[in-house]
Structure formats: structure tokens, C-alpha cells
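Structure, as C-alpha cells:
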Ligand SMILES: Cc1cc2nc3c(=O)[nH]c(=O)nc-3n(C[C@H](O)[C@H](O)[C@H](O)COP(=O)(O)O)c2cc1C
């Protein structure tokens, strides 16, 4: 099992301490666990230029694709993603936000429906839950089936040790994350995931961006209320059938073009 760690902190300190405990826990659970580690600071990703090329012409036409696409490849090839950020000015770090901006095409063309991720956030005092929620939401929009969260204030004590309660929380959440990946069982999507899927599906149907339409059609995502390999009960699907029809009508009447 290979885990990809994308570190959004410019240093390996407080947030990394949590990651180290996660790694220890995974190593204790499985002798064959390996880690690929990416520190965004070392990737030197230039700022997103807002050229829209990833949306309209494809992600490989991004002026920074030579840096971004190897990271995406590592995400695709990994069995589990661990993504981290400390709180900076009540949000993720600029490093992390810039990375997310470069992957915004995954909102249009979600991919990771069979994958699971863990979010690690630390803060000195505030906004850890908000930032954890933001990362969780971002990953959900990219398709990630399950997200596990570890969000802490003052992760370690004055001597650099993690409090027992923190260690226990990390171990519990990491074990759940590991077992879920091992069992390869996919969770039924929540209402928010279903709604977002069907909003993008309707947008793709209307071919505002032809590339999105091609992606949704070719991958047969357009045909169903949710990615077909993910279990989704008829009780959830029926309101989505109606919602999708409403969205299609709405899109037809409000034919907003991206510019
Ligand atoms: C530029 C900057 C902005 C920060 N903004 C906040 C903030 O808004 N709220 C907060 O509680 N802590 C804030 N912090 C503190 C960090 O979130 C906290 O120290 C974190 O654990 C650092 O993680 P790291 O050691 O992995 O970099 C900030 C730190 C820096 C350097």
C-alpha cells in the first residue's frame, strides 16, 4: 500500500509531527506500507495565471503542467492521499491554495471516485476546523469517496511531545483510514456530493465547455445520478433524477458562457 503525502506547510514542524505519527501508525498496521512525500515548497509551482487553459483545452496545456501533472500522476497511483496544511491567516497556506487552484479542473472533471484521503491541519489557536472543512470539501469535489480529518490546536506540548489524547485520536482515525482502503469498500455519497455531481453533470451536458462534455460522455458519468461503481440507493437517486432535470432546464434558460 502506497500513501502519497502532499505537505502544504513550508516546513516540517508542527503539522509534520502529526504526519509522523500517522506514518508510525500505518507502519504498525502493515509491514508493506510505503510513502511518497511531496513538499509543495520544493516544487516551486508558479502562481496560477488564470488562463483557463486547463478547463478549456485540457490540463496538459497548463503552463505549469510539467510540475503539476507528475503530482497528479502520484495522486492517481497512490492507494491513499494524505494532504496537509497549517492554518495561515484563517485559511490554508498560499502554497496549498496555489496547488488547489492548479487542480481546479477536477471540479469540472472529477476523477477520484474510488479513492480515500486524509486531511491534516494544525493551528496556533483558531480556524483548524474551518480549514479542515475546506480541504475536505475540495477533495469531495474532486470525487474522493471518503475523507478522514485530523485537525489540531497546538499539536504538541512545550517539549515537542504529542499529548496522549492527540496520539489516541491520530491512531484511531488513521486505523479507520487504513482499514477502509484495505477493505476497498466504497461509501454511498452524501446529499452534498450528489448535488454537486449533478450540477456539474448538467453543466457538462449543456457543453458550456466541450472538453467537460467529452469527459463526462466518454467516462459514462453523464448517464447516471452518481459514479456507477459507488453504491447509491434508489431513494437517493430519485430526487437526483428530478434535480438533474431541473438543472438542465435552468442551464438552458440561463446559458452562461465561461469567459
Ligand atoms: C504566516 C502565518 C499565518 C498564521 N495564521 C494563523 C491564524 O490565522 N490562526 C492561527 O491560529 N494560527 C496561525 N498561524 C500559526 C500556525 O497555524 C501554526 O503555528 C501551525 O501549527 C504551524 O504549522 P507548521 O509548523 O507545520 O508550519 C500562522 C502562522 C504563520 C507562519
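Quick look at the values:
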{"quantity": "Using a Förster distance of 30 Å, the FRET efficiency for residue 32-residue 69 (Cβ separation, nearest 0.05)", "calculated": "0.65"}
{"quantity": "Angle in degrees between helix 164-183 and the longest Cα principal axis of the chain, rounded to the nearest 10", "calculated": "40"}
{"quantity": "Relative contact order %, the chain, counting alpha carbon pairs below 8 Å whose residues are six or more apart", "calculated": "19"}
{"quantity": "With Cα atoms, 0 to 90° folded angle of helix 14-29 axis to the chain main axis", "calculated": "90"}
{"quantity": "Helix 128-141 vs. the chain, principal-axis angle (Cα, 0 to 90°, nearest 10)", "calculated": "40"}
{"quantity": "Mean Cβ neighbour count within 10 Å, used as a protection proxy, ranking 176-184, 46-54 highest first", "calculated": "176-184, 46-54"}
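All of the numbers you see were taken from the coordinates with simple rules; none came from a lab. From a predicted model like this one, the values you see are computed outputs, not experimental measurements. Note that each Cβ is placed from the backbone with ideal geometry, even for glycine, and that neighbours are counted across all protein chains shown.
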